[in-house]
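The values are calculated or read from the model by the stated rules, or taken from the named source; none is laboratory data. Being a predicted model, the structure only gives us computed values, none of them experimental. Here Cβ is always computed from backbone atoms with ideal geometry, including for glycine, and neighbour counts include all displayed protein chains. With ligands, DNA and RNA removed, areas are computed over all heavy atoms of the protein, side chains included. Shrake-Rupley method; radii C 1.70, N 1.55, O 1.52, S 1.80 Å.
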Amino acid sequence: MVLSLPPNFEVNKADVYVNNRLIGSFSKNPFTFSFIPEDIRSIRDDNRLRVTIYDNKNKKIEVNTTFKVE
């Protein structure tokens, strides 16, 4: 997933969730993550990925997508 953010939105923190379970919280640039689906207890055939991004004023942007594990 690649995110496009508004101009002047300085990322301070990013929280990553799979099926509403927090799998990582990142506060250093670059804000990248990866995971092994089998390591997540709540993994299913159809899943939801949510990334919540905060700026230095604690304003947030949330992005959601779905993915499959076969």
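Note that the chain carries a Kirkwood radius of 12.9 Å, evaluated over its alpha carbons pair by pair.
Within the shell of other residues whose beta carbon sits under 15 angstrom from the beta carbon of E10, the net charge comes to +4, with Lys and Arg scored +1 and Asp and Glu -1. Among the trypsin sites (Lys or Arg not before Pro) in region 2-60, those placed in a DSSP loop whose Cβ has at most 15 other Cβ atoms within 10 Å are K28, R41, R44, K57, K59. Remark: relative contact order (the chain) = 33 percent; criterion is Cα-Cα distance under 8 angstrom and separation of 6 or more residues.
Heavy atoms of the protein chains alone define the surface here; on that basis the chain has 77 Å² accessible area per residue at 1.4 Å probe size.
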